[in-house]
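I have placed the structure first, in the form of structure tokens, so that the comments after it can refer back to it.
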Amino acid sequence: MRRTLPLIAFFMIVRLAASSAQTETKDQQTPLLSSKDTLLLTVANGKKFVMHPVKAKQTFYSISKYYSLSLEELYENNPQFRSDPTLYLGSKVKIPIPNLAIKRYKAKKFVASKNVPIYYVVQEGDNLYQICKRNFDMPVDSVLKRNKLKSSAIKPGQMLLVAWMGTEGVKPEWRPARQATQSDALKTQYEQEKTKHKEVDSQGVCFWQKDSKEKGDLYALHREAAIGTVIQVINPMGGHPVYAKVIGRIPEGYERNIEVVLSPEAARKIGAHDPKFFVKVKFLK
């Protein structure tokens, strides 16, 4: 009997673990949007943007993956989240959307339940011909019929159904190649220096000035990494790394468990919410 109980407990743990893994996999495959949602679209300087409605348990990381964007691009288009990176239920996140993700017509295999309707928000000075031809290269009659309009008269704030987006999100290949950023340059520097130096793994608490309005630069303070080198910092909650240049040592007065101090911009790139959070660090010696 004494031998049987541990075996029963073992199999129960295995079963629970398997069930948990299946649930996690299912959640990861669940689209962030459904056909019951609505994406509002605007056009600025020739670029199209949709406003993503935030739902429960969604994060910057999950949204960035859904639309095939980097966290850096999300913050570039939503600067208000730099000072307060908190996603509230019902808030809107501005997303640049490529033309390839916009379905202007219902194809033969179109399934309504697998597509999110996209509505264009009429702006001051818009006319229907301009919206249809210049922004979507569509006949005016198509939009008139789709929205059951009796005339081409429209007014600011009016919503026009113009297209759909698949509930699976935006594929990476639909987005044009981005120009190299500071983050890209630091990553390249790190990879080049790694071939000549020993890579050291560490972990601990990361501190950053959450209330700071500073943005733009990616830098860090560290106790061991050589000044002028680049370190890699990962937030296990998101899994997305940031590369930052070491500009100095952690000053006296900081708790000993502080492994690294990051610039506000660097901390936001890995989805930091609290002033202190656990990170994994790689640096070169």
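Could you say whether any residue in region 233-256 is of a type in the set (Ser, Thr, Tyr) and within 18 Å of residue 189 (Cα to Cα)?
There is at least one residue in region 233-256 that is of a type in the set (Ser, Thr, Tyr) and within 18 Å of residue 189 (Cα to Cα).
Taking region 224-248 on its own, how many of its residues are closer than 20 Å to residue 199 by Cβ and not in a strand (DSSP E or B)?
Final tally of qualifying residues: 10.
Which of the residues belonging to region 257-285 are of a type in the set (Gly, Ala, Ser) and under 21 Å from residue 199 (Cα atoms)?
266
For residue 246, all conditions in the list (1) in contact (Cβ under 8 Å) with a residue 40 or more places away in the chain; (2) farther than 12 Å from residue 208 by Cα hold save one; what is the number of the exception?
(1)
What are the pairs with Cβ atoms under 7 angstrom where one residue, in region 47-73, is over 20 Å from residue 34 (Cβ atoms) and the other, located anywhere, is among the small types (Gly, Ala, Ser) and part of a helix (DSSP H, G or I)? Sequence gap at least six, or different chains.
Partner pairs satisfying both residue conditions: 70/64; 71/64; 72/183.
Do any residues in region 97-121 that are closer than 15 Å to residue 162 by Cβ have Cβ atoms under 7 Å from those of residues that are of a type in the set (Ser, Thr, Tyr), where the two are at least six apart or on different chains, and which pairs are they?
Going by the 7 Å Cβ cut-off, the qualifying pairs are 115/35; 115/167; 116/35; 116/167; 117/38; 119/38; 121/42.
I need a count of the residues in region 153-211 that are of a type in the set (Ser, Thr, Tyr), surrounded by 14 or more Cβ atoms within 10 Å (Cβ to Cβ) and either at pLDDT below 95 or in the same structural domain as residue 253 (by TED's automatic domain parsing) (or both).
4
The values are calculated or read from the model by the stated rules, or taken from the named source; none is laboratory data. None of the values given here were measured: they were computed from a predicted structure. Cβ atoms come from the backbone with ideal geometry, glycine included; neighbour counts cover every protein chain shown.
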